[in-house]
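Note sheet for the following structure.
The values are calculated or read from the model by the stated rules, or taken from the named source; none is laboratory data. Just so we're clear, the structure is a prediction, and the values are computed from it rather than from any experiment. Cβ: placed from backbone, ideal geometry, glycine included. Neighbour counts: every protein chain shown. Note: areas computed on protein heavy atoms with side chains; ligands, DNA, RNA excluded. Shrake-Rupley method; radii C 1.70, N 1.55, O 1.52, S 1.80 Å.
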Amino acid sequence: MRQGYVSGVNEYLIKSCAGTSVGRAYLDRGGLLNDRKFVVTDEDNVFLSQRDLPRMAMIRPRLSVVPGLPLYEEGELLVSAPDMPELRIWFSPKDEFGAEEDVQIQNDWCLAIEQSGKAGEWFSRFLETPCKLFRVVQDGRVHRYSATGEALSVYGQDGYPVLIIGQASLDDLNSRMIKSLPMHRFRPNIVVSGVPSYAEDTWKRIRIGRVEIRLVKPCQRCPIPTTNQDTGERGENPWDEEPLRTLLTYRQVSGGGVIFGVNGINDNSDWINLGDTVEILE
């Protein structure tokens, strides 16, 4: 049986903000448990992202959780950014800041709870536009997957619970460019090593630990991979910038876009860990 192993696990606590590399994560039916549970919106409760606000890349969230409580149900979200005081937000399903509100994420409206007025002020100041911060409630968003027609719960992801990229695929891409780029430019949840470049394109079903994941749709890339995730800088025309410029030469699809990585849907829930074997079932 063909196998690889998990060499990276990443959670993106706030949609479009910096990711957090972790040693293990719980994968439930909505994705990694803490992945994109928090969403920054405009005044009309419409989500904001790096596509329009590349400075979001410099916002670095982390979790401080209460020992003994299962699966990070309660704790503090700590948020930092250059020249900003640290923002600390207590979260708990039992004691939220406000009532549930409708928030738009892509084409879906979902239920979410505003976290605090001070959070909105903090994000508004750093991003230089009026903002709010929301936490998506459990089962608060149902998304219909374009690739399969299924309607299932997710959190703040663009569409699919999990994004998987092979390390060898990035190595191949970097070999084609003058300057290598780090994996976090592509914001995967799971990085797989020990398999050939672009092998993930061919997988239909894999198992990590006890979690089975269907690979259902290549990830068509937006301008975000051209954003320097450390400085928030991005060129005027992303298609003239790396890595999109090089991907256009060999990973272009109909309509002019490019693909890199594969979106997945997990069929059950459990922990995944760094070093776990990745079994390619189909």
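Data overview
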{"item": "Pairs where the first residue, in the stretch 43-54, is in contact (Cβ under 8 Å) with a residue 24 or more places away in the chain and the second is of a type in the set (Phe, Trp, Tyr), C-beta under 8 Å, 6+ apart", "result": "Asn45/Phe134"}
{"item": "Of the criteria (1) out of contact with any helix residue (DSSP H, G or I) (no Cβ under 8 Å at 6 or more places or on another chain); (2) free of Cβ contacts under 8 Å to residues at least 24 places away in the same chain; (3) open to solvent by 20 Å² or more (accessible area, probe 1.4 Å), which one Gly120 fails", "result": "(3)"}
{"item": "Residue pairs meeting the criteria (Cβ under 8 Å; at least 6 apart or on separate chains; first touching a residue at least 12 places away in the same chain (Cβ under 8 Å), in the stretch 217-240; second crowded, with 19+ Cβ neighbours inside 10 Å and acidic (Asp, Glu))", "result": "Thr226/Glu242"}
{"item": "Residues satisfying the stated conditions in the stretch 213-268, i.e. among the basic types (Lys, Arg) and in contact with a Lys or Arg (Cβ under 7 Å, 6 or more places away or on another chain)", "result": "Arg214"}
{"item": "Condition broken by Leu152, with the remaining ones in (1) in contact with a Gly (Cβ under 9 Å, 6 or more places away or on another chain); (2) closer than 30 Å to Gln3 by Cα; (3) part of a loop (DSSP other than H, G, I, E, B); (4) modelled with pLDDT under 95 satisfied", "result": "(3)"}
{"item": "Selection status of Lys15, modelled with pLDDT of 95 or more, under 16 Å from the mean Cα position of the chain (by Cα) and basic (Lys, Arg)", "result": "yes"}
{"item": "Qualifying residue in the stretch 158-177 (condition: of a type in the set (D, E, K, R), open to solvent by 60 Å² or more (accessible area, probe 1.4 Å), touching a residue at least 24 places away in the same chain (Cβ under 8 Å) and under 12 Å from Phe260 (Cα atoms))", "result": "no"}
{"item": "Residue that is farthest from Leu181 (Cα to Cα), among those in the stretch 253-264 that are at pLDDT 95 or above and not aromatic (Phe, Trp, Tyr)", "result": "Gly264"}
{"item": "Whichever residue in the stretch 123-157 is within 15 Å of Leu32 (Cα to Cα) and of a type in the set (Ser, Thr, Tyr) and, among such residues, is most open to solvent (accessible area, probe 1.4 Å)", "result": "Ser153"}
{"item": "Any chance Tyr26 is farther than 19 Å from Gln229 by Cβ, in contact (Cβ under 8 Å) with a residue 60 or more places away in the chain, within 16 Å of the chain's Cα centre (by Cα) and open to solvent by 20 Å² or more (accessible area, probe 1.4 Å)", "result": "yes"}
{"item": "Selected residue (only one of Thr249, Thr277 is open to solvent by 40 Å² or more (accessible area, probe 1.4 Å), hydroxyl-bearing (Ser, Thr, Tyr) and touching a strand residue (DSSP E or B) at 6+ places or on another chain (Cβ under 6 Å))", "result": "Thr277"}
{"item": "Scope the stretch 33-45; condition surrounded by 14 or more Cβ atoms within 10 Å (Cβ to Cβ) and either assigned to a strand (DSSP E or B) or modelled with pLDDT of 95 or more (or both); matching residues", "result": "Phe38, Val39, Val40, Thr41, Asp42, Asn45"}
{"item": "Qualifying residue in the stretch 209-224 (condition: touching an Asp or Glu at 6+ places or on another chain (Cβ under 8 Å), on the phi > 0 side of the Ramachandran plot and open to solvent by 20 Å² or more (accessible area, probe 1.4 Å))", "result": "yes"}
{"item": "Residue list for the stretch 208-225, filter: under 24 Å from Arg24 (Cα atoms) and under 20 Å from the mean Cα position of the chain (by Cα)", "result": "Ile208, Val211, Glu212, Ile213, Arg214, Leu215, Val216, Cys219"}
{"item": "Residue match in the stretch 171-192 (condition: in contact with a Lys or Arg (Cβ under 8 Å, 6 or more places away or on another chain) and more than 26 Å from Leu127 (Cβ to Cβ))", "result": "no"}
